[in-house]
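Read the figures in this text as sums done on the coordinates, not as results from a lab. All of these numbers come straight from a predicted model, not from anything done at the bench. Positions of Cβ are backbone-derived with ideal geometry, glycine not excepted, and every protein chain shown enters the neighbour counts.
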Amino acid sequence: MLRDANELSDGATLEAEVCVVGGGIAGITIARALGAAGVRVVVLEAGGVARSDESQALYRGHMSGISTWALEDLRVRRLGGTSDHWAGWCMPLQEEDFLPRAHIPHSGWPISLRDVAPYYRPAEAVVELGEGHFDAVKAKHDESRPSFASRGALETRMFRFSPPTRFGERYRAELERSERVDVITHAAVTHLALERGSRALARVEGKGPSGAFVVEANRYVLAAGGIENPRLLLASRDVSPDGVANGSGAVGRYFMDHPHLYDAGRIALPRDLDVGFYRRGTSRGMDGERIGVFALTSRGREELSCPDLTVEVGAEADPEEALQGLSASDAARLLGAKARHFRLDVRAEQSPDPRSRITLQQERDALGLPKVDLHWFVRDEDRAAYARAVGRLGALLTVQREARVLQQLTPDTARTWPLLPGGHHMGTTRMGSSSATSVVNADCRAHDVDNLYLAGSSVFPTGGSANPTLTIVALALRLADHLATPPPEVGSRTAEEPVGPAVPPGEPEARP
Ligand SMILES: Cc1cc2nc3c(=O)[nH]c(=O)nc-3n(C[C@H](O)[C@H](O)[C@H](O)COP(=O)(O)OP(=O)(O)OC[C@H]3O[C@@H](n4cnc5c(N)ncnc54)[C@H](O)[C@@H]3O)c2cc1C
């Protein structure tokens with residue numbers, strides 16, 4: 001069922017087995033899966049079925065760190081959420097993304113790729129990827145486009161593209177028909193009510209066009225996005241000034257995006273070399289468009305103490321223009337006008353850092369919720385490592401196929417190189433095995449609140465270099481599986497079994 005909160009009377013109380021806050025990509029995925037499993041779900045969606053300026057205005061906030069797009073332009077507050085904006089780039093995380101890495105502080109998930117892998121195929125179906133695969137070597141071979149070989153520390157990975165699926169449109173009719181799922185639009189949650197002495201949420205409180213409402217459920221899922229999830233937790237201060245589920249002090253901290261560094265180098269290639277596999281819009285599999293990107297193997301990254309990154313062969317530059325301003329020797333290295341010249345664009349992982357964070361401001365929005373400040377911060381060590389990685393990739397490409405790379409992102413330029421956001425908001429309610437340093441456990445359940453779960457990339461402890469949405473959907477399906485089993489007895493939690501790898505050595509046990 002799909003209805004608007006203007007149908008609710010002021011002070012209405014609704015009941016459900018599971019209450020999902022947010023009807024975006026994660027929220028709709030969980031609701032559909034739970035509905036199919038016979039669970040009664042209420043989805044509270046702050047926006048309407050269509051986008052409106054009034055709803056977007058509630059996303060306004062402040063940015064004190066690296067400037068990104070305005071907060072209300074980064075996200076969409078309507079049914080389907082930011083799927084209205086997303087460009088459909090999809091790639092699963094890699095095995096080592098889940099592991100603690102000595103050179104990345106605060107790295108290591110409490111789960112492994114094995115735990116998520118069974119959900120990637122179903123996730124691909126949710127974002128309408130078709131029947132393809134992510135094996136770049138096989139894809140290049142099938143297209144008879146070997147060009148660069150994965151050799152030494154050089155590897156090729158591959159993105160595939162969702163149409164992109166707009167969740168509000170694509171799944172609206174199914175939600176309307178559902179007898180189990182009750183989606184309520186214009187129903188903004190403003191408070192998570194925890195009672196003193198209890199380890200369980202009693203209800204969520206919200207505001208709609210006709211007044212206040214509450215929802216009481218056995219279990220609650222926050223799926224409001226990587227900025228609103230911590231905002232709601234931090235703003236609900238009945239019991240603790242630190243908010244809900246924040247015993248670790250980690251809520252809002254460790255904010256990560258995928259820094260994009262455009263034109264980090266120029267590659268010159270012989271005119272007869274077919275690099276179509278690496279160019280947007282020129283490679284297709286049975287199931288649609290795909291693109292190859294250059295990357296370093298995990299060994300290569302370890303040697304350089306570098307977070308993960310991928311390099312895309314970007315826009316083609318006019319040879320004259322590409323050579324302008326270069327010394328004769330650099331121009332000669334770039335094969336002169338005989339070559340085709342392309343930009344190299346980097347999409348990087350950043351290391352989690354508690355200084356990169358969401359905090360609440362004094363100023364409130366029209367619904368009375370404190371506005372947020374986003375302080376996006378990327379460590380200088382990461383910037384320097386990106387330069388090292390581009391240098392290594394350049395060297396690896398240069399020994400193959402007569403390619404020549406002129407590196408523009410260097411240790412000197414890296415400090416001030418413009419970092420652009422991907423609109424991927426990760427890390428602010430991070431997953432971990434220790435309640436001292438993370439917000440949710442391996443089941444995405446809050447360490448401190450037995451019936452509260454978090455969905456979306458706010459639970460990612462590290463981001464890898466893959467765009468996040470395919471993994472968001474896979475984790476949402478995994479969470480739905482977990483929620484479809486009977487709830488644990490609320491308030492009587494037994495000691496948690498440690499799951500997966502322990503907290504990485506050197507991880508502070510105290511609050512950040
Ligand atoms: C320009 C752009 C391009 C992108 N391209 C890609 C890409 O190519 N590949 C990729 O993987 N990712 C991409 N992304 C990221 C992708 O959009 C996000 O990863 C994804 O939308 C996150 O899903 P989510 O469900 O967690 O959040 P959202 O989709 O933002 O959904 C959150 C929902 O919660 C609702 N909500 C918020 N607050 C409340 C509240 N208080 N009460 C009730 N409801 C609330 C919102 O209205 C919204 O519907 C892109 C993002 C941007 C901005």
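Extending 7 Å from Cα along the Cβ direction at residue 142 and again at residue 70 yields two label points whose distance is 4.4 nm. Can you give me the Kirkwood hydrodynamic radius for the stretch 162-223, using every pair of distinct Cα atoms, in Å to one decimal? The answer is 14.0 Å.
At 25 °C and 0.890 mPa s, grab the translational diffusion coefficient of the stretch 60-128 from Stokes-Einstein with a Kirkwood Rh over Cα pairs, rounded to a whole number in µm² per second.
D = 160 µm²/s.
Cα extents for the stretch 235-301 along the principal axes, largest to smallest and rounded to whole angstrom: 67, 30, 25.
Each of residue 485 and residue 318 was given a label point 7 Å from its Cα along the Cα-to-Cβ line. The distance between the two points is 6.3 nm.
Relative to the longest principal axis of the Cα atoms of the chain, the long axis of helix 469-483 lies at roughly 30 degrees. Working note: Cα atoms of the stretch 1-108, range along each principal axis, descending, whole Å: 55, 37, 27.
In µm²/s, what is D for the stretch 1-47 at 37 °C and 0.692 mPa s, where D = kT/(6 pi eta Rh) by Stokes-Einstein and Rh is the Kirkwood radius from Cα pairs?
Numbers: Rh = 11.4 Å.
Estimated via Stokes-Einstein, D reaches 288 µm²/s.
From the gyration tensor of the Cα coordinates in the chain, what semi-axes in whole Å does the equivalent ellipsoid have, largest first, with each one equal to sqrt(5λ)? Working shown, then result.
Values: eigenvalues 346, 112, 91 Å².
Semi-axis lengths for the chain are 42, 24, 21 Å.
Each of residue 398 and residue 131 was given a label point 7 Å from its Cα along the Cα-to-Cβ line. The distance between the two points is 4.5 nm. A straight Cα-to-Cα reach below 16 Å connects residue 140 with the aspartates and glutamates 155, 274, 287, 289, 312, residues fewer than 8 places away in its own chain not being considered. Per-peptide packing, taken as the mean over residues of other Cβ atoms within 10 Å, places 339-347, 421-429 in the sequence 421-429, 339-347 from highest down.
Give me D for the stretch 363-424 in µm² s⁻¹, whole number, from Stokes-Einstein with Rh from the Kirkwood sum over alpha-carbon pairs, 10 °C and 1.306 mPa s.
Working: Rh = 14.7 Å.
Estimated via Stokes-Einstein, D reaches 108 µm²/s.
First measure r as the distance between the Cβ atoms of residue 202 and residue 95, then evaluate 1/(1 + (r/R0)^6) with R0 = 56 Å and state the FRET efficiency to the nearest 0.05. Could the numbers behind the result be given before it?
Details: r = 41 Å, r/R0 = 0.72.
About 0.85, to the nearest 0.05.
Under the shape rule built on the C-alpha gyration tensor, where the axes satisfy a ≥ b ≥ c, the stretch 168-292 is oblate, since a/c reaches at least 1.5 while a/b does not exceed b/c.
Sort the stretch 99-159 into rounded, prolate or oblate with this rule: let a ≥ b ≥ c be the square roots of the eigenvalues of the Cα gyration tensor; rounded if a/c is under 1.5, and if a/c is not under 1.5, prolate when a/b is larger than b/c, oblate otherwise. Each step should come with its number before you reach the end.
Values: a/c = 3.38, a/b = 1.21, b/c = 2.80.
Since a/c reaches 1.5 but b/c is at least a/b, the shape of the stretch 99-159 is classed as oblate.
For a test of the definition: using alpha carbon positions, the gyration tensor, and the 1.5 limit on a/c, classify the stretch 100-225 as rounded, prolate or oblate. Because a/c hits 1.5 or more and a/b fails to exceed b/c, the stretch 100-225 counts as oblate.
Full extension of the chain between residue 151 and residue 112 gives 11.4 nm of extra length, using 0.36 nm per residue less the Cα-Cα distance. Name the residue from 127, 399, 304 whose Cα lies farthest towards the positive end of the charge dipole of the chain, charges +1 on Cβ of Lys and Arg and -1 on Cβ of Asp and Glu. Selected residue: 399.
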